[in-house]
Amino acid sequence: MLDRDLASLYEIETKVLKQSIKRNISRFPEDFMFELTKSEFENWRSQFVTSNSDKMGLRHIPMAFTEHGVLMLSSVLKSDKAIQTNIQIMRIFTKVRQMLLDTTEIKVDILQIQKKLENHDKNIELVFSYLDELTEKKENDKQRVKIGYKK
């Protein structure tokens with residue numbers, strides 16, 4: 001997102017947003033925020049078909065923010081909207097962490113069930129092999145001579 005769009009989103013002036021960034025520049029590494037190149041800026045600026053582009057705030061090269069930069073801005077800015085956004089982000093992170101813990105527990109349970117099933121499969125195979133051996137013995141056994149009294 002561009003600085004002017006974020007300023008509008010957080011209900012502050014672009015100038016205030018840029019000042020806050022300059023005061024907290026160490027919080028915005030290259031993968032959080034960058035400035036458009038001159039050619040990107042000229043290309044972007046040419047997309048607006050208006051004669052008063054200078055009045056729209058297009059005189060200065062805008063800053064572009066990645067997802068992480070947008071989130072970091074909410075902790076740097078002092079507007080009510082930014083504060084509320086930052087609070088929501090913290091709540092969401094807490095929920096996501098809890099969801100990850102819950103899914104980890106479910107994965108552990110599933111692994112335990114899988115191990116039990118593997119053991120059951122092995123036991124069933126063993127029972128069938130014993131049954132096969134017993135039936136083979138019965139088939140191969142000769143008839144015994146009966147011992148005892150004859151009638």
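The values are calculated or read from the model by the stated rules, or taken from the named source; none is laboratory data. It should be emphasised that the depicted structure is a prediction, and the values quoted were computed from it without experimental measurement. Don't worry about glycine lacking a Cβ; one is built from the backbone with ideal geometry, like all the others, and counts go over all protein chains shown.
How many residues does the stretch 37-81 hold that are farther than 16 Å from Leu2 by Cβ and either modelled with pLDDT under 75 or outside any helix (DSSP H, G or I) (or both)?
8
So how many residues does the stretch 1-49 have that are among the small types (Gly, Ala, Ser), free of Cβ contacts under 8 Å to residues at least 24 places away in the same chain and in contact with a helix residue (DSSP H, G or I) (Cβ under 9 Å, 6 or more places away or on another chain)? Give the steps one after another, and end with the answer.
In the first step, residues of the stretch 1-49 are kept if they are among the small types (Gly, Ala, Ser); the result is 7-8, 20, 26, 39, 46.
Imposing the further condition that a residue be free of Cβ contacts under 8 Å to residues at least 24 places away in the same chain reduces the set to 7-8, 26, 39, 46.
Those still in the list that are in contact with a helix residue (DSSP H, G or I) (Cβ under 9 Å, 6 or more places away or on another chain) too: 7-8.
Result for the stretch 1-49: 2.
Tell me, please, whether a residue that is loosely packed, with under 15 Cβ neighbours inside 10 Å and among the polar types (S, T, N, Q) can be found in the stretch 64-74.
Restricting attention to the stretch 64-74, the residues satisfying the condition of being loosely packed, with under 15 Cβ neighbours inside 10 Å are 67-68.
Right, trim to among the polar types (S, T, N, Q) and you get none.
No, the conditions are met nowhere in the stretch 64-74.
Could you please tell me which pairs satisfy a Cβ distance under 9 Å, a separation of 6+ or placement on different chains, a first residue in the stretch 65-83 that is under 20 Å from Lys15 (Cβ atoms) and touching a residue at least 12 places away in the same chain (Cβ under 8 Å), and a second residue that is outside any helix (DSSP H, G or I) and among the acidic types (Asp, Glu)?
Here the result reads Gly69/Asp31; Ser79/Glu11; Asp80/Glu11; Lys81/Glu11; Ala82/Glu11, each pair linking the stretch 65-83 to a residue that is outside any helix (DSSP H, G or I) and among the acidic types (Asp, Glu).
Filter the stretch 1-36 down to residues that are assigned to a loop (DSSP other than H, G, I, E, B) and surrounded by 15 or more Cβ atoms within 10 Å (Cβ to Cβ), then give me how many there are. If you could, list the steps in order and put the result at the bottom.
First, pick out the residues of the stretch 1-36 that are assigned to a loop (DSSP other than H, G, I, E, B): 1, 10-13, 24, 28-32, 36.
Then keep just the ones that are surrounded by 15 or more Cβ atoms within 10 Å (Cβ to Cβ); that gives 1, 10, 12, 28, 32, 36.
Of the residues in that region, 6 qualify.
Identify, please: which residue in the stretch 106-151 is outside any helix (DSSP H, G or I) and not basic (Lys, Arg) and is, among those, surrounded by the most Cβ atoms within 10 Å (Cβ to Cβ)? Working first, answer last.
Step one: list which residues in the stretch 106-151 are outside any helix (DSSP H, G or I), which gives 141-151.
Cutting the leftovers down to not basic (Lys, Arg) gives us 141, 143, 145, 147-149.
Working: Asp141: 8, Gln143: 5, Val145: 5, Ile147: 5, Gly148: 5, Tyr149: 5.
The residue in question is Asp141.
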